[in-house]
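Below is one structure, written out as structure tokens; comments come after it.
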Amino acid sequence: MMKATAVANANIALVKYWGKRDKKLILPQNSNISMTCDGMTTTTTVEFSDKYKEHSVVINDEEFQKDEKDIHGHIDRISRLAGIKDKARVVSESNFPVAAGLASSASGFAALTVAAAAAAGLKLSPKDLSILTRQGSGSACRSIFGGFVEWHRGKMPDGLDSYAESIVDKNYWPEFRMIATIVQKGKKPVTSRAGMAQTVETCPYYEGWLGTVTDDLKMIKEGIKERDFKKVAQAAEHNCLKMHALMMTTKPAIIYWIPATIEIIQNVLAWREEGVKCYFTIDAGPNVKILCLEKDEKEINKRLLKLEGVIETMICRPGDGAKLIDKHLF
Ligand code: DP6
């Protein structure tokens, strides 16, 4: 049977990916690091069959509208690799807001790739699955692995050395937490794909970013291995602010923050002054992810939920990489 279902968790970057050196193969300008988030999950079933006349993709009960992230093209890429001509039916469900800087495309493309590859009869290693996933959406290649993950920039023009790899698995540092704090659920004004391309082209500080990212990578990798919360979280917050400085100094400016974003940032800084150990990171959207440890999670979550602009929070610990499951969505 040419049908398979996969689940994948979203991931949140601690060292960000913001810029490609090859847009077609999706090769990043710099290596980057993320945590795979338990519980921010996409489940996807793929079936290839000659009964389908064309690919159909349903995401969260809605027929997928074509956008810059070419899901159909990604399915074609996988069926080409497997040498099959059949069309696919894809049904996908996520348990968190799509396209609001909450990495829905990461869990989405990882689940799609793992399910479609299995449905097409391909037997690929996690490394090769991550190379294949990367060509659908860059950050998604990190969601193939659980725990803390590095996506290597690579040097080769064909991208075969640009893949994700586990730094440590989810059980190495189970106390680490990301509290995804939702302040807006709508779609973002500028997609990450278009935004990062514009940044590479026009931001005068891009060289400065590339020049300092190596230090952030080193610091965060060491910090993860040493389970040194402050080392990791401080460097992650700094890296996030550098990325947003790039966005803001792109022409035209890309500003993802809304008042509630700043409200959270200011509060996190104030709480830290009081001795509460929390830091923040923000992706291509207004929502803020708070980094903390298990022992402080309840107190910080309580404080977050009291802020005016906060709609809801999701507390995530390090989660599993993408995997196949038996229960199909159709
Ligand atoms: C800000 O992976 O969505 O979340 O490769 O064009 O699909 P494409 O971009 P995408 O960009 C993610 C950007 C980010 C930072 C990160 O996750 O590293």
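Which is assigned to a loop (DSSP other than H, G, I, E, B) and either within 21 Å of residue 11 (Cβ to Cβ) or open to solvent by 60 Å² or more (accessible area, probe 1.4 Å) (or both), of 221, 225, 251?
Details: 221 fails: assigned to a loop (DSSP other than H, G, I, E, B); 225 fails: assigned to a loop (DSSP other than H, G, I, E, B).
Being assigned to a loop (DSSP other than H, G, I, E, B) and either within 21 Å of residue 11 (Cβ to Cβ) or open to solvent by 60 Å² or more (accessible area, probe 1.4 Å) (or both) holds for just one of 221, 225, 251, which is 251.
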*Would you please list the contacts, defined by Cβ atoms under 9 Å and residues six or more apart or on different chains, that run from a residue in segment 207-226 that is charged (D, E, K, R) to a residue that is open to solvent by 80 Å² or more (accessible area, probe 1.4 Å) and in a helix (DSSP H, G or I)?*
216/238
_Subset tally (residues that are within 18 Å of residue 35 (Cα to Cα) and in a loop (DSSP other than H, G, I, E, B)) for segment 127-146_ = 3
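In segment 112-128, what residues are within 16 Å of the ligand (Cβ to nearest atom) and either at pLDDT below 95 or farther than 14 Å from residue 145 by Cβ (or both)? Break it down stepwise before answering.
Step one: of segment 112-128, the residues within 16 Å of the ligand (Cβ to nearest atom) are 112-113.
Of everything in segment 112-128, just one residue is within 16 Å of the ligand (Cβ to nearest atom) and either at pLDDT below 95 or farther than 14 Å from residue 145 by Cβ (or both), namely 112.
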*asked:* Against the definition (touching a strand residue (DSSP E or B) at 6+ places or on another chain (Cβ under 9 Å), β-branched (Val, Ile, Thr), more than 26 Å from residue 145 (Cβ to Cβ) and touching a residue at least 12 places away in the same chain (Cβ under 8 Å)), how does residue 311 come out, yes or no?
replied: yes
_Looking only at segment 10-22, count every residue that is surrounded by fewer than 24 Cβ atoms within 10 Å (Cβ to Cβ) and more than 8 Å from the ligand (Cβ to nearest atom) and tell me the total._
3
*asked:* Would you confirm whether or not segment 11-25 contains a residue that is farther than 28 Å from residue 254 by Cβ and touching a Phe, Trp or Tyr at 6+ places or on another chain (Cβ under 9 Å)?
replied: no
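A quick yes/no check of all residues on (1) within 15 Å of the ligand (Cβ to nearest atom); (2) crowded, with 20+ Cβ neighbours inside 10 Å; (3) in a strand (DSSP E or B); (4) under 20 Å from the mean Cα position of the chain (by Cα):
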site: 8; (1), (2), (3), (4): yes, yes, yes, yes
site: 53; (1), (2), (3), (4): no, no, no, no
site: 58; (1), (2), (3), (4): no, no, yes, no
site: 75; (1), (2), (3), (4): no, yes, no, yes
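Out of segment 148-167, which residues are within 16 Å of the ligand (Cβ to nearest atom), surrounded by fewer than 24 Cβ atoms within 10 Å (Cβ to Cβ) and in contact (Cβ under 8 Å) with a residue 40 or more places away in the chain?
Of all residues in segment 148-167, those within 16 Å of the ligand (Cβ to nearest atom) come to 148-154, 159, 162-165, 167.
Still in the running and surrounded by fewer than 24 Cβ atoms within 10 Å (Cβ to Cβ): 150, 152-154, 159, 165, 167.
Correct list: 150, 152, 153, 154, 159, 167.
I want to confirm something. Restricting to segment 77-101 and keeping residues that are of a type in the set (Val, Ile, Thr) and closer than 18 Å to residue 3 by Cβ, which single residue is most open to solvent (accessible area, probe 1.4 Å)? Explain how you work it out, then say what you get.
Just the residues of segment 77-101 that are of a type in the set (Val, Ile, Thr), to begin with: 78, 84, 90-91, 98.
Filter once more, so that each one left must be closer than 18 Å to residue 3 by Cβ: 78, 84, 90-91.
Working: 78: 1, 84: 39, 90: 3, 91: 18 Å².
Selected residue: 84.
If you check 3, 24, which single one turns out to be modelled with pLDDT of 95 or more and under 16 Å from residue 111 (Cβ atoms)? Break it down stepwise before answering.
Working: 24 fails: under 16 Å from residue 111 (Cβ atoms).
Unique residue meeting the criteria: 3.
The values are calculated or read from the model by the stated rules, or taken from the named source; none is laboratory data. No experiment lies behind these values; they were computed from the predicted model shown. Ideal geometry is used to build each Cβ from the backbone, glycine not excepted, and the neighbour counts take in all protein chains shown. SASA here: full protein model, heavy atoms, side chains in, ligands and nucleic acids out. Shrake-Rupley method; radii C 1.70, N 1.55, O 1.52, S 1.80 Å.
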